[in-house]
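Colleague: One structure coming up, written as structure tokens, with questions to follow.
The values are calculated or read from the model by the stated rules, or taken from the named source; none is laboratory data. On a predicted model such as this, the values are computed, not experimentally measured, just so you know. Every residue, glycine as well, gets a Cβ built from its backbone with ideal geometry; the counts of neighbours run over all protein chains shown.
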Amino acid sequence: MTSLTLFVLCGLMHICRGHSEKFPPNFKFGAATSSYQVEGGWDADGVWSRALTPSHCGRRPVSCSVPLMGLYYDDDESSHKEIRGKGQSIWDRFVHENRDKIANNATGDVAADSYHLWREDVRIAAEMGLQFYRFSINWPRILPTGFVNEINEVGAKYYSDLIDALLAEGIEPVVTIYHWEMPVKILDLGGWANPLIVDWFGDFARVVFNLYADRVKTWITINESVMFCDYFYNIGQFYKEPEFAPFLCNKHVLLAHATAYRIFEKEFRPKYEGRISLSNSVIWIEPASPKDKQLAELGREHVTGRYSHPIFSKKGGWPHSIEKLMLSYSLKQGYNQSRLPAFTKDEIEFVKGTADFFALNHYSTLMIRPAQQGESGKWFLSGSPELNAFLKNPPNASYGVAHDLPVYPTGIRRQLAWIKKRYGDIDILITENGFSTTGYNLEDYDRINFMKKYLEQVLLSIKVDNVSVIGFGVWSLMDNFEWLSGYKHKFGLYEVDYENEKRTRTPRASAYFYACLIKNRSLHIAGECLHMYHSKFKRLVPNGTTITQNGGVLLTAVLLFFCKL
Ligand code: BGC
């Protein structure tokens, strides 16, 4: 081959690769947060004041109340009226009563102070060119008691302002209605184990739709139920009851989601467009050895299918394999019926089809094998007594700072293919995927490599497996309260200075990478852009750092094939 031919071939490959590595036009790039993790303002807006008439107020210069110890009270006690402001969520209560359980005794009382600094959040989202920003509504911020008897107008306005500001920047608000901020009263009444929560959640969702459905077009009703149903009840985060609670919660979550969906369909869809789903999953399960393939499939049905099959499958109801297993296991334990509560025929129909797309939170992959004698595990971290299975991290996986989230990029492609195989050719929005670091460090090259590797797999899923993936939301827009890890584990594209009361947000290298990717919609070009950013922002260039060039030989070959060279 002459050098000229080689030169032309290389040039063509370059152009073609750039083209093939482009994300399709309908694919949207975004980032996510959740209310407790960023908002702060945990007891904001509470006041005591007189039931005032305008004329009474008019005689005073500012307001009719005087402040005392953070609350406000009127000088005439007989006419005091409490304006409750934000109520307490179970996380507010948990962190205050269990400070020793959170890294460095942290709380989310102030967090990234997004309750006051939301304009900053919109600014940084716009700076990166995000196409969507996913945030969640703090239930007791809008309904202080958890019920519709009181609405906190100030809290409701907060989200309204945020939505307007995002839209003004051309950023689509994607709203999660529930990301684990349950009002305390509802937990005290049994939380997700109480069937009445189905209607209570429906009432809350209706209030949220009434407030924002004119402007919000993409909704996630409930975030990662497997976390708060299976994981929380198994470890005893708020209440330990691994026998029944995970499965009661499972059923009530599906009914609550479906109730919200049906409310939207009946009362709001005639007026407003909107797409609704619930976000699921978190991990992909691989067989530890070829003989564990069947067990791996059971594992997938247990972690993903239990929350998805009733909605997305043609038949509805629980995945058959899990229903069968749970019944025989429960009978063997001496119960008269399955601990996985049955759906009635009407309930199956009510839940079936209540999603307009599949929302996937994917972080990691675990390997499954049969449990050996004496091994017991907690679903979904280390195993399952019902499946008699043990879960372990993949060999040779790499890690961020969170060791329970091994990095295993091919897992996301397999999970996407599985969803398509199980539930048909449905649109899939990746609502979360992210990498954890620790300490103050703007040079997060490991995060960039993580993003590139996972996004390469997403691209292969779209281009080679023909899966309809319609977007990708990085967890997270900025560093936030990472639950029991406090502020130690950082997932942010933007670093938040938690030593500074202004909670300054500063872009990490990954924010530059993401901005460039969004602008060019190509991983190949994004890699090159990053090098340009490096020379521009010298402070970001650490000595001897290299960024893995994306596009291995295999990927290039596949893409070239699709480019029909
Ligand atoms: C949750 C987030 C959490 C993230 C990282 C996701 O499962 O939705 O709230 O911060 O994982 O652990």
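Colleague: Name the residue, out of ILE283, ILE263, that is crowded, with 24+ Cβ neighbours inside 10 Å, of a type in the set (Val, Ile, Thr) and touching a residue at least 60 places away in the same chain (Cβ under 8 Å).
Modeller: Values: ILE263 fails: crowded, with 24+ Cβ neighbours inside 10 Å.
From the options ILE283, ILE263, the qualifying one is ILE283.
Colleague: Taking the stated definitions as given, is SER114 among the polar types (S, T, N, Q), under 30 Å from GLU241 (Cα atoms), modelled with pLDDT of 95 or more and in contact with a helix residue (DSSP H, G or I) (Cβ under 9 Å, 6 or more places away or on another chain)? Even if it seems obvious, please write down each step before you answer.
Modeller: On the way: among the polar types (S, T, N, Q): yes; under 30 Å from GLU241 (Cα atoms): no; modelled with pLDDT of 95 or more: yes; in contact with a helix residue (DSSP H, G or I) (Cβ under 9 Å, 6 or more places away or on another chain): yes.
Against the criterion (among the polar types (S, T, N, Q), under 30 Å from GLU241 (Cα atoms), modelled with pLDDT of 95 or more and in contact with a helix residue (DSSP H, G or I) (Cβ under 9 Å, 6 or more places away or on another chain)), SER114 does not qualify.
Colleague: Filter region 489-501 down to residues that are within 12 Å of the ligand (Cβ to nearest atom) and part of a loop (DSSP other than H, G, I, E, B) and give me whichever is farthest from VAL401 (Cα to Cα).
Modeller: GLY492
Colleague: Just give me the residues in region 253-279 being outside any helix (DSSP H, G or I), within 16 Å of the ligand (Cβ to nearest atom) and out of contact with any Asp or Glu (no Cβ under 7 Å at 6 or more places or on another chain), in sequence order.
Modeller: LEU278
Colleague: Still on this structure, please answer the following. Is it the case that ILE177 is aliphatic (A, V, I, L, M) and either within 16 Å of the ligand (Cβ to nearest atom) or assigned to a loop (DSSP other than H, G, I, E, B) (or both)?
Modeller: Numbers: aliphatic (A, V, I, L, M): yes; either within 16 Å of the ligand (Cβ to nearest atom) or assigned to a loop (DSSP other than H, G, I, E, B) (or both): yes.
Considered against the rule, which asks whether it is aliphatic (A, V, I, L, M) and either within 16 Å of the ligand (Cβ to nearest atom) or assigned to a loop (DSSP other than H, G, I, E, B) (or both), ILE177 comes out as yes.
Colleague: Which members of region 282-307 meet the condition of being touching a helix residue (DSSP H, G or I) at 6+ places or on another chain (Cβ under 7 Å), under 21 Å from ILE348 (Cα atoms) and within 16 Å of the ligand (Cβ to nearest atom)?
Modeller: Within region 282-307, VAL303, TYR307 meet the criteria.
Colleague: If I ask for residues that are within 11 Å of the ligand (Cβ to nearest atom), buried (at least 20 other Cβ atoms within 10 Å of the Cβ) and among the hydrophobic types (A, V, I, L, M, F, W, C), which ones from region 223-232 would you list?
Modeller: Once the filter is applied, which keeps residues that are within 11 Å of the ligand (Cβ to nearest atom), buried (at least 20 other Cβ atoms within 10 Å of the Cβ) and among the hydrophobic types (A, V, I, L, M, F, W, C), region 223-232 yields VAL226, PHE228.
Colleague: Specify which of the listed residues (ILE220, ILE235) is at pLDDT below 95, within 16 Å of the ligand (Cβ to nearest atom) and β-branched (Val, Ile, Thr).
Modeller: So the residue among ILE220, ILE235 that is at pLDDT below 95, within 16 Å of the ligand (Cβ to nearest atom) and β-branched (Val, Ile, Thr) is ILE235.
Colleague: Identify the residue in region 466-488 that is among the aromatic types (Phe, Trp, Tyr) and under 17 Å from SER35 (Cα atoms) and, among all such residues, is farthest from the ligand (Cβ to nearest atom). It would help to see each step written out before you state the result.
Modeller: Within region 466-488, the subset among the aromatic types (Phe, Trp, Tyr) is 472, 475, 481, 483, 487.
Now narrow it down to the ones that are under 17 Å from SER35 (Cα atoms): 475, 481, 483, 487.
Values: TRP475: 5, PHE481: 8, TRP483: 6, TYR487: 12 Å.
Among those that are among the aromatic types (Phe, Trp, Tyr) and under 17 Å from SER35 (Cα atoms), it is TYR487.
Residue by residue, here is whether (1) at pLDDT below 95; (2) part of a loop (DSSP other than H, G, I, E, B); (3) of a type in the set (Val, Ile, Thr); (4) within 16 Å of the ligand (Cβ to nearest atom) holds:
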site	(1), (2), (3), (4)
GLN37	no, no, no, yes
CYS64	yes, yes, no, no
PRO67	yes, no, no, no
GLY85	yes, yes, no, no
PHE94	no, no, no, yes
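Colleague: Please verify whether region 480-500 includes one or more residues that are touching a Ser or Thr at 6+ places or on another chain (Cβ under 8 Å) and within 30 Å of GLY353 (Cβ to Cβ).
Modeller: no
Colleague: Let me ask another. Check VAL458 against each of (1) surrounded by 23 or more Cβ atoms within 10 Å (Cβ to Cβ); (2) under 25 Å from ILE222 (Cβ atoms); (3) more than 20 Å from the chain's Cα centre (by Cα) and name the one condition it does not meet.
Modeller: Only one criterion is unmet by VAL458, namely (3).
Colleague: Could you list, ordered by first residue, the pairs with Cβ atoms under 9 Å in which the first is in region 32-45 and within 25 Å of GLN131 (Cα to Cα) and the second is charged (D, E, K, R) and near the ligand (Cβ under 9 Å from one of its atoms), at least 6 apart or interchain?
Modeller: Correct list of pairs: ALA32/GLU432; GLN37/GLU482.
Colleague: Now, a different point. Spot the failing condition for ASP404; the list is (1) closer than 23 Å to TYR445 by Cα; (2) modelled with pLDDT of 95 or more, and only one is missed.
Modeller: Looking at each condition in turn, ASP404 falls short on (2).
Yes/no matrix, rows are residues, columns are (1) of a type in the set (Lys, Arg); (2) touching a Phe, Trp or Tyr at 6+ places or on another chain (Cβ under 6 Å); (3) crowded, with 20+ Cβ neighbours inside 10 Å:
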| residue | (1), (2), (3) |
| --- | --- |
| ILE151 | no, no, no |
| LEU162 | no, yes, yes |
| TYR178 | no, no, yes |
| LEU189 | no, no, no |
| ASN194 | no, no, no |
| ILE197 | no, no, yes |
| TRP200 | no, no, yes |
| ARG215 | yes, no, no |
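Colleague: Ok, one more. Could you tell me whether region 214-223 includes any residue that is over 20 Å from the mean Cα position of the chain (by Cα) and of a type outside the set (Phe, Trp, Tyr)?
Modeller: yes
Colleague: Further, regarding this structure: Can you pull out the residues in region 277-295 that are touching a Lys or Arg at 6+ places or on another chain (Cβ under 6 Å) and more than 30 Å from TYR261 (Cβ to Cβ)?
Modeller: Those that are touching a Lys or Arg at 6+ places or on another chain (Cβ under 6 Å) and more than 30 Å from TYR261 (Cβ to Cβ): PRO287, ALA288, ASP292.
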